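Working notes, beginning with the structure itself.
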Amino acid sequence: MTEVSVVGGGIGGLTAAQELAERGFDVTVYEANDRFGGKARSMPIDDDPAGLQGEHGFRFFPAFYRHVVDTMERIPDGVGSVADNLVETEATLIASTHRPDQVAETGSPESLRGWLEALRPAFAEDLPSEDVRFLLERLAYLLTACEERRENELDDVSWWEFIDAENRSQEFQDRLAFATQSLVALRPEVGSARTIGTIYMQLLFGQLDPNRPTERILNGPTNEAWIDPWVAYLEDLGVEFHPAAPVRGFEVDGGQVVGLELADGSRAGGDEYVLAVPVEVAPKFVTPELARIAPELRRIDRLETAWMNGIQFYLDEDLELTRGHQVYADAPWALTSISQRQFWTGYDLGERGSDDVEGILSVIASDWETPGIVYDKPARRCSREEIATEIWEQLKRHLDGPETRLTDDLLVDWFLDPALVETDDGVENRSPLLINTVGALRNRPPADVGVENLTIASDYVRTNSDLASMESANEAGRRAANAVCRRHGVGDTARIWELEEPAVLEPFKRQDRIRYRLGLPHPAEVTQSLRRVTSRLGGRA
Ligand SMILES: Cc1cc2nc3c(=O)[nH]c(=O)nc-3n(C[C@H](O)[C@H](O)[C@H](O)COP(=O)(O)OP(=O)(O)OC[C@H]3O[C@@H](n4cnc5c(N)ncnc54)[C@H](O)[C@@H]3O)c2cc1C
């Protein structure tokens, strides 16, 4: 049997392990942490493994996810699969400090009125009509641009430039530009128009597709609802797991990897190696010989990361808010949250060691540079305690409407992502997240990187899903496994999905492909408003 060593037990590594083990490979996973799941893992908040669980940040699964959901459907859990632990959200609350709450339905609309309501977050009635018209033109441009134009032109322009945010209303900027920061910690000024635009459209299509749930989340802590049953299933398939086993590097000889050096000084071998560590760790594995054989590996260290980390507030009451996300529109630290208890059916908080806890508000902060309202410091310059206090205050101000919903006496405890480690000057983040900055696509390697027995399976690999997410980590794991299969003559490879866009747009994309190859601009560049923004793009064609 071909022996495969997987370095890193996050979503990418576990996916590769599954696809390979199911096809008869002999797989061993080496994970630095004592738990599997990487950024998606949940963990006990104290020494009691059966006690309350904390998370790096809550997880959501929008409608366009295919790969990760397919994997979940194949992981047994009781009489069904772990995919049965996904539950649909119903509404997003947009809380503001200066205007009444807005609630956007996330369920698929059933009536014309429902459809119009569903479109509200994007085309809200408070946007000037000129802005709405311009946005529609931009989206039409994006949707009818051929793949080459998206990769070679739109990846080199920021989302901010592409939607001409500078010259638009404040409402437009808040709704369409800065909203990306809460979603993926990606500032619109630096985020690629190609990535943000494509994902924005996917989210919108997901909202309008009556056949798929718009957005789902898990019905319990991630490890209980998904990762632990996954590891158990893989063990049944014969996968060997080594937790708390950080790998220091590869031994390379004759143009291929010949072994692993572990941090404890021991050594491990294998016929094939899958590198599934995060983007900031991967460059340490690229020896000069590997960089010479596969120049793409050298460019990984040009990829950029940003901070996006979570905190859970344990409350003595279940604060339901909306059945879905909350977005805190003017929070300087770009906060979003989920009130988890209502979704965690079958998860008895009373059995988790604390009789006082009745509710959990899980919050993610995505802006670590802007000063806060209590200490007037950016999050990265605060202590852990200050971060918790500051986030709590920002939430309180947003939820303090006609009725006060969040009060200090509700708070029992909090758990801040342990990846945030205190320094003399605030905190350092040991688990940053890849961001798709302008032009980053050319620095992202494929899973099959051109080294005889090495593949890459992590969220920074070039994938159809593109955005750093569990979906792209899963797709990368599949692509890595498929490369190994091909090398060893296994024909039955894992399925890879394209991002779906309406078929009716195909003729327009074909027309644009011809124009692109002739060096001509996109045909939609006909109106004055488009011409101003796209003159730059046209010049590059
Ligand atoms: C706060 C937050 C919220 C998020 N929310 C969502 C969401 O709702 N939906 C979504 O789709 N995505 C979300 N993401 C993104 C998603 O979690 C990641 O993109 C995805 O989990 C990455 O998986 P990965 O396997 O590529 O990498 P990781 O999860 O980083 O896994 C890599 C693994 O390698 C291990 N490792 C590191 N160094 C070594 C070494 N030397 N030896 C051995 N092992 C090593 C690490 O411990 C880790 O377990 C979120 C991210 C963050 C930060």
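Okay, here's what the table says:
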read-out: Which numbered condition Ser383 fails, given (1) closer than 27 Å to Asp34 by Cα; (2) buried (at least 20 other Cβ atoms within 10 Å of the Cβ); value: (2)
read-out: Residue that is farther than 30 Å from Gly51 by Cβ, within 13 Å of the ligand (Cβ to nearest atom) and among the charged types (D, E, K, R), where the choices are Asp448, Asp417, Asp425, Asp466; value: Asp466
read-out: All positions within segment 268-279 that are surrounded by 16 or more Cβ atoms within 10 Å (Cβ to Cβ) and over 14 Å from Ala32 (Cα atoms); value: Ala268, Gly270, Asp271, Glu272, Tyr273, Val274, Val279
read-out: Residue match in segment 358-380 (condition: among the hydroxyl-bearing types (Ser, Thr, Tyr), under 22 Å from Asp47 (Cα atoms) and either away from the ligand (no atom under 16 Å from the Cβ) or surrounded by 16 or more Cβ atoms within 10 Å (Cβ to Cβ) (or both)); value: yes
read-out: Looking only at segment 225-267, and only at residues there that are over 20 Å from Asn33 (Cα atoms), among the hydrophobic types (A, V, I, L, M, F, W, C) and out of contact with any strand residue (DSSP E or B) (no Cβ under 6 Å at 6 or more places or on another chain), the one that is nearest to the ligand (Cβ to nearest atom); value: Val252
read-out: Some residue of segment 69-79 being over 16 Å from Arg478 (Cα atoms), among the charged types (D, E, K, R) and within 16 Å of the ligand (Cβ to nearest atom); value: no
read-out: Answer residue from segment 396-414, given it is in contact with a helix residue (DSSP H, G or I) (Cβ under 9 Å, 6 or more places away or on another chain) and in contact (Cβ under 8 Å) with a residue 60 or more places away in the chain and is nearest to the ligand (Cβ to nearest atom) among those; value: Trp414
read-out: Yes/no for Glu215 being in contact with a helix residue (DSSP H, G or I) (Cβ under 9 Å, 6 or more places away or on another chain), more than 16 Å from the ligand (Cβ to nearest atom) and within 27 Å of Ser362 (Cα to Cα); value: no
read-out: Residue that is surrounded by the fewest Cβ atoms within 10 Å (Cβ to Cβ), among those in segment 49-68 that are more than 16 Å from the ligand (Cβ to nearest atom) and of a type in the set (Gly, Ala, Ser); value: Ala50
read-out: In segment 473-518, residue surrounded by the fewest Cβ atoms within 10 Å (Cβ to Cβ) [restricted to those that are of a type in the set (S, T, N, Q) and closer than 29 Å to Pro278 by Cβ]; value: Thr493
read-out: Pairs with Cβ under 9 Å, 6+ apart, first in segment 57-76 and free of Cβ contacts under 8 Å to residues at least 40 places away in the same chain, second among the aliphatic types (A, V, I, L, M); value: Val69/Ala83; Val69/Leu86; Glu73/Val82; Glu73/Ala83
read-out: Selected residue (criterion: nearest to Leu315 (Cα to Cα)) from residues of segment 417-440 that are among the aliphatic types (A, V, I, L, M) and buried (at least 20 other Cβ atoms within 10 Å of the Cβ); value: Leu420
read-out: Failed item, numbered, when Glu393 is tested on (1) at pLDDT 95 or above; (2) farther than 21 Å from Glu358 by Cα; (3) surrounded by fewer than 18 Cβ atoms within 10 Å (Cβ to Cβ); (4) away from the ligand (no atom under 16 Å from the Cβ); value: (2)
read-out: Qualifying positions in segment 88-105 - touching a strand residue (DSSP E or B) at 6+ places or on another chain (Cβ under 6 Å) and either closer than 30 Å to Asp70 by Cβ or assigned by TED's automatic domain parsing to the domain that holds Thr322 (or both); value: Glu88, Thr89, Ala91, Thr92, Ala104, Glu105
read-out: Lone unmet requirement of (1) at pLDDT 95 or above; (2) assigned to a helix (DSSP H, G or I); (3) surrounded by 18 or more Cβ atoms within 10 Å (Cβ to Cβ) for His398; value: (1)
read-out: Residue tally, condition of a type in the set (Gly, Ala, Ser) and within 16 Å of Arg66 (Cα to Cα), over segment 192-213; value: 1
read-out: Selection count where residues are of a type in the set (D, E, K, R) and near the ligand (Cβ under 10 Å from one of its atoms), scope segment 451-463; value: 1
read-out: Selection count, segment 1-42, where residues are near the ligand (Cβ under 7 Å from one of its atoms) and of a type in the set (Val, Ile, Thr); value: 2
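Yes/no matrix, rows are residues, columns are (1) in the same structural domain as Gly78 (by TED's automatic domain parsing); (2) crowded, with 20+ Cβ neighbours inside 10 Å; (3) under 30 Å from Asp348 (Cα atoms); (4) without any contact (Cβ under 8 Å) to a residue 12 or more places away in the chain:
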| position | (1), (2), (3), (4) |
| --- | --- |
| Phe162 | no, yes, no, no |
| Val184 | no, yes, no, no |
| Gly197 | no, yes, no, no |
| Gly206 | no, no, no, no |
| Val231 | yes, yes, yes, no |
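The values are calculated or read from the model by the stated rules, or taken from the named source; none is laboratory data. The structure presented is a predicted model; accordingly, all values stated were derived computationally and were not measured. FYI the Cβ positions are ideal-geometry reconstructions off the backbone, even for glycines, and counts take in every protein chain you see.
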